[in-house]
Structures are given as C-alpha cells and as structure tokens.
Amino acid sequence: MVKKTVKCSGCGVGLKVDPSVEADEEEADAKCRQCEVEKKMEQMMVAQSELLMRIAELEIALATEQEKTRAMGERLKSAEEALAKMNRGAAYGENSRKPASRTAEEKEQASLGKTGSAGSIVARPSFSEIFINNGWHNSASGKTFPTVNPTSGEVITHVQEGDKADVDKAVQAAKKAFELGSEWRTMDASDRGVLLNRLADLIERDRCLIASLETLDNGKPFVDAYNIDLPLVIKCLRYYAGYADKNHGKTIPLDGSYFAYTRHEPVGVCGQIIPWNFPALMQAWKLGPALAMGNTVVMKPAEQTPLSALHVASLVAEAGFPPGVVNVVPGMGPTAGAAVAGHKDVDKIAFTGSTEVGQQVMETAAKSNLKKVTLELGGKSPNIVFKDANLDEAIETSHFGLFFNQGQCCCAGSRIFVEGAIYDDFVARSVALAKQRVLGDPFDANTTQGPQVDQEQLGKILTLIDSGKSEGARLLCGGARHGSRGYFVEPTVFSDVKDGMRIAREESALFCFVFSSCPDVAFSAVE
C-alpha cells in the first residue's frame with residue numbers, strides 16, 4: 001500500500017500516513033513524537049508553575065497564622081506572669097497578700113479566647129452520661145437531671161441520673177478491674193505513674209475548657225478556675241504520679257530465725273464522693289492517691305457540678321487507663337451517694353461535704369461492711385487579730401480568706417475576733433474593701449465575685465443573714481440578694497456578733513464577715 005505524506009503542523013516534518021485515514025493537522029501533530037514530547041513538557045512546566053504559586057500562597061498563609069499564634073502566646077504568657085505575681089493561691093497556705101481589684105493583665109487574661117458576649121469563651125459540655133468501663137451509658141432508670149448555670153439560673157444540659165443499679169454496675173466493673181491477674185493489678189507501679197502523668201498532661205491540654213466548665217457549672221470567676229484550680233489539679237496528679245513507685249514497706253529486726261516485713265497493698269474498690277465548691281480539684285485529690293497506689297474508683301460528683309468530672313473521665317480513657325479502673329456515676333446524694341457509701345463491695349469511702357451528710361456516710365459505712373472511711377467536712381474557721389498585727393496585711397488576708405470562691409470553702413475565715421484597740425478601724429476598712437467587690441458574669445474580666453452555686457445555698461445564706469439581723473448583730477453592708485437573675489449575694493459584713501448567734505455558729509457557706517470584739521481576746525484564744 002502506498003502511503004501519503006503530510007506535514008506536522010508543529011515542526012513541518014513530513015509524516016507517512018495511511019491514505020485511508022483522515023489526517024488533519026491535529027492528528028499529524030500527535031504523530032510527531034518530538035512535538036508530542038515538547039507539548040507535554042510545556043504542559044508540565046505550566047502545572048509546575050501553578051503548583052509553586054500555590055505553595056507560595058500557603059507559605060504566606062502559614063506564616064500569618066504562626067505570627068498570630070506567637071502573638072497570642074505572648075499575650076497569654078504576659079497575663080499568666082502577671083497573675084502569678086498576685087499569687088492568688090493563699091487559700092491553700094501560701095503567705096501572700098491579695099488585692100481586691102483586678103489588674104489590667106488579669107482583665108486581658110479573662111478576655112482571652114472570647115468571641116462575643118460574656119460567657120462565650122468555650123464550647124458547651126460534651127459529656128453528660130454515666131462513665132463505666134471506659135464507656136458512656138444511659139442510666140438504668142432512664143432518668144436525667146438538669147445542671148444549672150448559677151449565673152443565670154438557666155439549664156446548661158441534662159445529665160444521666162445514676163442510682164443504686166448504676167452504682168452496682170460501676171462497682172462490679174471496678175471490682176473486676178481489681179482482680180488478681182488483671183491488667184491493672186499486674187501493671188508496674190512506675191507505669192501507673194506514667195498514666196497519671198499522661199492524665200495530667202491531657203488536663204493541661206484542656207485547661208481552658210475544664211476551667212470554663214467549672215465557671216459555667218459552679219459560678220466561680222474564670223480567672224480563678226484557670227489560674228488557681230486547674231494548676232493545682234495538674235500539680236496534684238503529677239505529685240502522686242511521682243509517688244506511685246515509692247510506697248515502701250519496712251523490714252522489722254527480730255531475734256532468732258525469723259524474717260518480718262510489712263508490705264503496703266491497695267485497699268481495693270474506693271468509693272469517692274466529691275463536693276461542688278472545687279469540683280475538679282477535689283476530684284484530683286481523690287483520684288491521685290487512689291490510682292497511684294493501685295486502687296480502682298467509683299466516683300459520684302456533686303449533682304450541682306458534674307460537668308468537669310465527666311470531662312476528666314473522658315481523659316482517663318484517652319490516657320490509657322484500663323477499663324473499670326475509674327468509673328463516674330452522676331446522681332443524687334440520697335440515691336447514688338448512699339448506694340456508694342453502703343455498697344458491700346466498696347472497700348473504702350472518701351467523702352468531702354457537709355458535716356450532716358458526713359455523719360450519714362459514717363453510719364452507712366458501718367452498717368454495711370465496716371469499710372474504711374475518710375471524711376473532710378465543714379467548719380466555721382475563726383481569725384484572731386491582735387493590736388500588734390500588721391493591720392494592712394491582716395485586713396487584706398482576712399478579706400481574701402472569706403470571699404475567695406464566693407465564701408464557699410470549708411476553711412473560710414468567716415468569724416473575725418479583733419482586739420478592742422483596733423476593732424473599729426479594722427471593721428471600717430473591711431467594710432470599705434467588701435464594697436469594692438464587683439458582682440457579675442464570672443466570664444467577664446471586671447467581675448471579682450460570682451454567684452453562689454445554686455438556689456438552695458442562696459436560700460440558706462439569706463436565711464442566716466436574716467437571723468443575724470433578728471438576733472441583734474449590726475449589719476454594716478450588704479445583707480440582701482443582688483439582682484433578680486442568678487444566685488448572687490451582696491458582700492455582707494456584721495459587727496457586734498455574739499457567740500450564741502446562728503451566724504457565729506453555722507457554716508452553710510455564709511458569705512459574710514462576722515466581727516466580735518473581746519476585751520480578753522488573748523485569754524479567750526489561749527482557752
């Protein structure tokens with residue numbers, strides 16, 4: 001067959017083609033190998049150029065985001081350094097003075113992360129179920145209960161309400177995790193420390209979120225939750241992580257062919273009931289030592305403040321603790337709490353709360369299986385100030401000792417005994433300091449005092465304040481509810497208080513100073 005010749009439109013080279021095939025310029029060009037290669041190379045160069053331009057755009061965007069991150073980091077570091085200087089942890093034994101008003105740096109810290117109005121600092125809670133065997137479960141009864149924002153009185157979310165059936169399920173999970181030969185019982189003590197450190201790291205990662213859950217659920221100022229509560233939570237867990245492999249027994253020298261020694265072993269299943277005033281911190285205080293020593297846990301958080309405990313439970317699973325080692329059952333005290341205290345397979349109960357409920361826990365524990373009991377109950381702590389004291393420091397630390405955490409501390413110094421020579425001056429200056437407190441949204445940078453935790457506590461405080469008025473104490477400031485929304489109480493100061501008055505004897509998170517002047521205060525203190 002004779003082939004005809006056509007020219008390549010690209011280079012003009014003659015190409016032999018089958019005469020039966022229609023060969024236009026495009027087809028001829030496609031059959032010229034040299035032009036085909038050059039065309040593909042040209043296309044590749046164009047694509048490469050476009051890719052390089054896209055990479056350059058991404059590098060510019062990345063550099064911009066890195067600069068934003070660096071700037072935010074500097075702001076955060078500056079705010080934390082300023083707050084660290086204030087050393088607001090004096091309630092935990094540090095010897096320092098606390099100013100009544102916030103600095104500009106504190107306001108900046110409280111504003112970090114906010115995108116709109118006060119309270120929009122973080123997302124809403126993600127966990128509201130019962131945590132057993134590293135998984136989430138609805139209550140056996142199908143019941144839920146609302147957890148309420150004390151700032152507004154509005155429902156945050158509904159939480160699964162555990163009761164005896166759920167507690168029993170959690171205890172059985174904890175008991176199984178504690179069995180001889182289980183993953184938890186055969187784990188090296190140092191590895192338990194690794195898990196606790198990992199949990200501390202995860203809490204540090206979620207520090208802002210957990211602090212905001214505390215503020216949302218409890219009402220404490222965000223700046224306190226972020227800069228006092230959460231750092232103490234992290235330090236607590238890391239302390240016990242370091243102690244996990246240092247629980248040594250003893251050898252006892254005996255005469256004759258004998259060898260005697262002591263060995264510390266874990267107790268077993270620990271029931272833990274935590275309060276609402278420092279939810280995350282009290283959870284750490286109970287989890288840390290129990291887990292470091294190899295125990296398993298069934299925990300009931302306070303029904304007023306379950307959200308941070310449930311978030312930490314999610315981190316327990318993320319950290320790698322075996323299933324059943326930590327179980328969290330939200331619910332009511334008379335049902336879930338009583339079930340934990342009275343369960344025959346719970347080997348120890350640790351309770352923090354009111355003296356009245358502590359007595360019930362002790363009785364229930366005794367009637368069940370004589371389980372070991374640890375109680376941290378209420379108090380009515382006095383401060384005694386003599387005339388030779390540094391008056392500025394005494395006034396300021398007394399103020400902080402009461403009003404920190406809205407007065408909701410078992411060791412709050414709500415009774416002040418002042419020597420007569422300085423009584424009037426001390427009281428007058430304390431009143432002035434109390435009047436400087438700013439009540440409002442605890443996410444707001446200007447707020448120095450949040451609400452009480454719930455309607456019940458608000459009612460108890462107002463009732464006690466009324467008793468002080470009726471029993472003859474002198475009201476110097478405050479003494480009433482603040483606003484109509486939320487559970488706020490005005491900073492309150494009473495003077496001329498007698499020991500027999502209810503406000504001098506009853507705790508109930510009384511958010512006010514009660515002053516007494518004793519001519520023989522030195523003798524009374526010795527007595």
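Every read-out reported here was derived from the displayed coordinates using simple, explicitly stated rules and does not represent laboratory data. Just so we're clear, the structure is a prediction, and the values are computed from it rather than from any experiment. Positions of Cβ are generated from backbone atoms using ideal geometry, with glycine treated the same way; all protein chains shown enter the neighbour counts.
Things worth noting here:
- Residues K176 and Y261, FRET efficiency given R0 of 45 Å [Cβ-Cβ distance, rounded to 0.05]: 0.90
- Label-to-label distance, nm, for residues given as C411 and D191 (7 Å Cα→Cβ offset): 3.7 nm
- Compared with the direct C-alpha span, the chain from D496 to S381 gains 39.7 nm at full extension, assuming 0.36 nm per residue.
- Alpha carbon Rg of region 256-332, scaled by the compact-globule rule 2.2 N^0.38 Å: 1.37
- K235/S470 FRET efficiency (R0 56 Å; Cβ-Cβ; nearest 0.05): 0.80
- Applying a threshold of 32 Å to the alpha-carbon distances of K169/K372; K344/K380; K164/K469; K246/K372; K175/K367; K143/K235 flags K344/K380; K164/K469; K143/K235 as lying beyond it.
- Equivalent-ellipsoid semi-axes of region 267-409, from the Cα gyration tensor, Å, largest first: 32, 19, 13
- Mean Cα-pair separation over length for region 188-246, i.e. relative contact order, pairs under 8 Å, 6 or more apart, %: 54 percent
- Student exercise, region 324-384 dipole from Lys, Arg, Asp, Glu Cβ charges, in Debye to nearest 20: 100 debye
- Distance cut-off 24 Å, percentage of C-alpha pairs in region 381-526 lying past it: 26 percent
- Percentage relative contact order, region 381-526, counting C-alpha pairs under 8 Å, at least six apart: 27 percent
- The trypsin sites (Lys or Arg not before Pro) of region 282-364 that meet both conditions, a loop assignment by DSSP and at most 11 other Cβ atoms within 10 Å of the site Cβ, are K344.
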